[in-house]
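Single-structure report; data block below.
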Amino acid sequence: MSVPAQQLSVGEFDGVIAGTAARVRELATHYLMPGKADFDPRNVGSPEYVRKMANSTAAVEVVCSLVNTFGVMAGYNNYIPQMAIADLVFILNTNTFWVQNAAYLVPLMNTAVNAFNDAQELKTKNEPLWRELVYHNNNCWLELLPAVVFCLKGYAEMRRVSVEMKQAFEPLLRSA
């Protein structure tokens, strides 16, 4: 799914970006939005329903921002650098879900960014001993995904979807 640097027409480039963004949003929606079984139809429109929908929608936007940011860091053309800057400076900091859960999520984000940078340093050394650590560090950002589920839906749901969710998102930023 990730696109390395190559020659694309403007139309192809826009299509790749739109396709990637749509796939990220589709996956985030699948894992974060409440299903129909989560609510009694008689409660639709209730304050509890509205609150859960608002939190879930905000969490989807957080995941979209995180994937774009790490996609840009990885150097893939199907992620938007200008949007990553906006994500880090404005979008995350004004997202109600992110702000509400920042004490938990920001240290994980810092860890993932540091791990990614460590991976880049280890790649330059090209030592077979560290190959697995490079892969792990490149994908440390995946730990943010179950953390978002934990903040939104609790421990039991996080454990239920943790591995599956990471496996679904990993190809979006697969290292070459």
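The values are calculated or read from the model by the stated rules, or taken from the named source; none is laboratory data. Predicted model, so just to flag it, every value in this text is computed and none were measured. We place every Cβ from the backbone using ideal geometry, glycine too, and count neighbours over all the protein chains shown.
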- [ ] Return a yes/no flag: does the stretch 98-107 have any residue that is part of a helix (DSSP H, G or I), in contact (Cβ under 8 Å) with a residue 12 or more places away in the chain and under 16 Å from Cys64 (Cα atoms).
- [x] yes
Open item on the list: Just to be sure before I move on: is Phe90 among the aromatic types (Phe, Trp, Tyr) and over 15 Å from the mean Cα position of the chain (by Cα) in the structure I sent?
Closed with: yes
Open item on the list: Quick test for you: out of Val149, Val99, pick the one residue that is touching a Leu at 6+ places or on another chain (Cβ under 8 Å) and within 17 Å of Ala58 (Cβ to Cβ).
Closed with: Val149
TODO: Would you be able to say whether some residue in the stretch 115-123 is among the aliphatic types (A, V, I, L, M) and closer than 22 Å to Leu32 by Cβ?
DONE: no
TODO: Among the residues of the stretch 18-57, write down those that are surrounded by 15 or more Cβ atoms within 10 Å (Cβ to Cβ) and at pLDDT below 85.
DONE: Thr20, Phe39, Tyr49
- [ ] Select, from Glu132, Glu121, the only residue that is acidic (Asp, Glu), modelled with pLDDT under 90 and more than 23 Å from Leu152 (Cα to Cα).
- [x] Glu132
TODO: Kindly indicate the residue of the stretch 70-87 that is part of a helix (DSSP H, G or I) and surrounded by fewer than 17 Cβ atoms within 10 Å (Cβ to Cβ) and also farthest from the chain's Cα centre (by Cα) among those meeting that condition.
DONE: Gln82
